Amino acid sequence: MEWSLDNVREIVAGGMQSIRECEICAFAIAMCVLLLFMWYCYRVGREHGSSPLRGRYLAGPSRIGGVVGGFMSSDCRGRGKGKNGSMLEEQNGFAFCQSSECFRCTSAGESLNQRLYHSLQDYAKRYTWSGMGRVHKGVRDQGRYLNSRPTIQRPEVFFLPDLPSAPFFSREVQRHDVELLEQSFPALLAEFESIYHQPPARDGSSLPPGWKANNTPRGQWWTYYLVNQGTPLVLNVRRCPRAWRVLGQLRTFIANNVFGNACFSVLTPGALITEHYGPTNVRLRCHLGLRVPPSCELVVGGEPQCWSEGSCLLFDDSFLHRAFHEGGAEDGLRVVFMVDLWHPNVAAAERQALDYIFTPGRLEDKEGK
């Protein structure tokens, strides 16, 4: 190539033209990014702004944190006092709890909705909104969800939308934990025997230390909690080191929020646990059969199932459910080890947020105390 003044001028002119074209492209790209950012800010502000949300918590009379349809919460039975429990009332023939110790019974009303909202906002500020779509949707529209649910499934406290629903679940959905519990069957049965055959407690109860009698229309239902509403019971845990070790090895045990429980549960012959709903659909309740005589049955969402010794049953207790033991005195007790596991379709980010929001004590109404 021969260099000349004309050639240099052509090269410089071509370069300048390329630069101008690149500037136009870069400007166009920057404008597109700016418009997308403005649209995103508008959507986020519309979804997370406090004013529109607070007006949508309750679409009608609140049922949150209380008892739906007059049924008693299963996690807080037996906390009343007196023969039938002075803290227990009757409605439509079913007992329900009003214990000051029960999260669901003391967290009713619109104030819980607002506390849920503020806890979620606090979590998002500390961590992230990423992956919080369903949780935010659930908190925002909780009143509508709880009041519009069909009677077959109506959780009392919190409903997470878009979760697959079924009364019973296959053992495969939580295979590791189910197999671990079933492998621990001999140790858990032996530990039950040791705590059940202790002398009665000194407080006048006919039951051994740590056992609680729950309200039932007939028969007896006793529970021995290791974890109650997310809080370990230290004395009971000390008496059950093997069971506590098993809980520590479970991958999906709800150990850090008020929806998590673990206990030994006993039904005497003739006992009936009346129909009731659990507090949420984010968990699956797991029953490991320890002693299962004939004529014992669990009915969830209208579907009956029988326990089996050494095997686990997984069910969603936000469905209407009941249990009974119709055997005779010669059949003995029905005993299960009960553990609350995460629903398999609740993502890890959602579990972390729910653990934060429903940490024991976080949602207590300080103004009313």
Which is buried (at least 16 other Cβ atoms within 10 Å of the Cβ) and out of contact with any helix residue (DSSP H, G or I) (no Cβ under 9 Å at 6 or more places or on another chain), of Pro167, Pro186, Pro155?
Pro167
Could you list all residues from region 221-240 that are in a loop (DSSP other than H, G, I, E, B) and in contact with a Pro (Cβ under 9 Å, 6 or more places away or on another chain)?
Gln229, Gly230
Within region 308-323, which residues are farther than 14 Å from His287 by Cα and of a type in the set (A, V, I, L, M, F, W, C)?
Phe319, Leu320
I'd like the residue in region 109-152 that is hydrophobic (A, V, I, L, M, F, W, C) and in contact with a helix residue (DSSP H, G or I) (Cβ under 7 Å, 6 or more places away or on another chain) and, out of all such residues, is farthest from Gly302 (Cα to Cα).
Leu120
Per-region count, region 317-330, residues touching a strand residue (DSSP E or B) at 6+ places or on another chain (Cβ under 6 Å) and in a loop (DSSP other than H, G, I, E, B):
3
If Thr216 meets every condition in (1) in a loop (DSSP other than H, G, I, E, B); (2) among the β-branched types (Val, Ile, Thr); (3) more than 30 Å from Pro150 (Cβ to Cβ) apart from one, which number is that one?
(3)
Candidate set: region 241-261, residues that are part of a helix (DSSP H, G or I) and not aliphatic (A, V, I, L, M); chosen: the one nearest to Arg175 (Cα to Cα):
Gln249
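Let's see how each residue does on (1) open to solvent by less than 10 Å² (accessible area, probe 1.4 Å); (2) within 30 Å of Phe158 (Cβ to Cβ); (3) touching a Ser or Thr at 6+ places or on another chain (Cβ under 8 Å):
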{"residue": "Asp177", "(1), (2), (3)": "yes, yes, yes"}
{"residue": "Leu181", "(1), (2), (3)": "yes, yes, no"}
{"residue": "Arg202", "(1), (2), (3)": "no, no, no"}
{"residue": "Arg242", "(1), (2), (3)": "no, no, yes"}
Which one of these is open to solvent by 20 Å² or more (accessible area, probe 1.4 Å), in a strand (DSSP E or B) and either among the polar types (S, T, N, Q) or in contact (Cβ under 8 Å) with a residue 12 or more places away in the chain (or both): Leu290, Leu284, Leu313, Leu298?
Leu313
Which helices (runs of 4 or more DSSP H) does region 104-213 wholly contain that include 2 or more residues that are within 20 Å of the chain's Cα centre (by Cα), small (Gly, Ala, Ser) and modelled with pLDDT under 90?
142-148
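The values are calculated or read from the model by the stated rules, or taken from the named source; none is laboratory data. Small disclaimer: the values here were computed from a predicted structure and weren't measured. Quick reminder, even Gly has a Cβ in these numbers, built from the backbone with ideal geometry, and neighbours come from all protein chains shown. Just the protein is used for accessible areas: all its heavy atoms, side chains included, with ligands, DNA and RNA removed. Shrake-Rupley method; radii C 1.70, N 1.55, O 1.52, S 1.80 Å.
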